[in-house]
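The values are calculated or read from the model by the stated rules, or taken from the named source; none is laboratory data. Note that the structure is predicted; figures quoted are calculated from it, not measured. For neighbour counting, all protein chains shown are included, and Cβ atoms are generated from backbone atoms with ideal geometry for every residue, glycine included.
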Amino acid sequence: MEKIYDVIIVGAGPAGMTAAIYAKRAELDTLLLEMNYMGGGQVLNTYEVDNYPALPGINGFDLGTKFSEHVDKMGVERVSAEVKSMVLTADPKEIVTEEGTYYTKTVILATGNSPKKLGVPGEKELSGMGVSYCATCDGAFFKNKITAVVGGGDVAVEDAIFLARGCSKVYLIHRRNELRAAKSLQTALFATPNIECVWDSVVTEIRGEEKVSEISVQNVKTKEMSVLAADGIFIAVGNDPNASYISDIDCDEKGYVLAGEDCKTNLKGVFAAGDLRSKRLRQITTAVADGANAITSVQEALL
């Protein structure tokens, strides 16, 4: 046990990076663990961030870069490594990664969440061959082609609008007859001529030889089956928490960590911030707030 940090932050999205900035300002001995080479989390996959204060219309990559640059300016120690396991009930707490084992007095879990899968035939087999969970990452491969987006929330509608700028046609497949997305996004969607909404419908199968070629769809009310010809399908039906290696922590029925505005979990010295935390609204602004609140709670725990 060569070193014991004051705080280790697991995850480098907006919550984790904000926590890292606040931790350095508080002069805490801090380590930021990030699974990916570049920090930013799901922000990096957002084409346009229209609701982040003072930076309207900034693209997600640029915003993630600004977060990361601020972290580096503060001199935060960063390690890119996948976490293998954690012992959060110990003192000090132990975090095992592919790069080594680290010890700390407190931990902030800011691992976020990941896109849900549909779980239909062909989804896994054709993943990366027309099945995608990130329109801004893969949309450029479908210029002048036909694509489909599955979902009815903000992300699905944003994806459909983004894809429509380059695709010849975009289907938006939603299991209900109305969208959950913000009204401003719906207005933009309905004003886009090459987007066709497929209401009250679910995807039952994705087919293709080496790449996606067609999608089987069922109307949930009439039970009628239909087939849509498409070169790609983008799935945006929500997210699941990245909590597979977290144990001994109380979670809600969906697996999100139970923690209040102070980010305190049921374990002493363990805090949850950002999209991993069970809460009403998951956006960049709430993640940033969590990062700041978590460090305030860490400081209290270290007294």
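On the stretch given as region 226-260, residues that are assigned to a strand (DSSP E or B) and surrounded by 15 or more Cβ atoms within 10 Å (Cβ to Cβ) total 9. Entry remark, region 137-158: residues being polar (S, T, N, Q) and at pLDDT below 95 number 0 in total. Picking from residues in region 198-225 that are farther than 18 Å from Asn177 by Cα and in a loop (DSSP other than H, G, I, E, B), the one that is farthest from the chain's Cα centre (by Cα) is Glu209.
Residue count for region 204-235 under the criterion of being touching a strand residue (DSSP E or B) at 6+ places or on another chain (Cβ under 8 Å), among the acidic types (Asp, Glu) and either under 19 Å from Gly139 (Cα atoms) or not assigned by TED's automatic domain parsing to the domain that holds Arg165 (or both): the result is 2. Considering (1) at pLDDT below 95; (2) part of a helix (DSSP H, G or I), the lone condition that Ile161 does not fulfil carries the number (1). Can we say Glu82 is among the charged types (D, E, K, R), over 28 Å from Asp262 (Cβ atoms) and either exposed (fewer than 15 other Cβ atoms within 10 Å of the Cβ) or in contact with a Leu (Cβ under 6 Å, 6 or more places away or on another chain) (or both)? When the stated conditions are applied, Glu82 passes them. Here the strands (runs of 3 or more DSSP E) wholly within region 93-136 that include at least 1 residues being under 18 Å from the mean Cα position of the chain (by Cα) and modelled with pLDDT of 95 or more are 100-109.
Of the residues making up region 269-303, those that are surrounded by 16 or more Cβ atoms within 10 Å (Cβ to Cβ) and in a loop (DSSP other than H, G, I, E, B) are Gly269, Ala273, Ser278, Lys279, Arg282. Taking the conditions (1) in contact with a Lys or Arg (Cβ under 9 Å, 6 or more places away or on another chain); (2) among the polar types (S, T, N, Q); (3) not assigned by TED's automatic domain parsing to the domain that holds Gly130 in turn, Ser201 satisfies each one other than (3).
If we keep just the residues of region 161-176 that are in contact with a helix residue (DSSP H, G or I) (Cβ under 6 Å, 6 or more places away or on another chain) and not β-branched (Val, Ile, Thr), which is farthest from Ala148 (Cα to Cα)? Checked region 161-176; the qualifying residue farthest from Ala148 (Cα to Cα) is Phe162.
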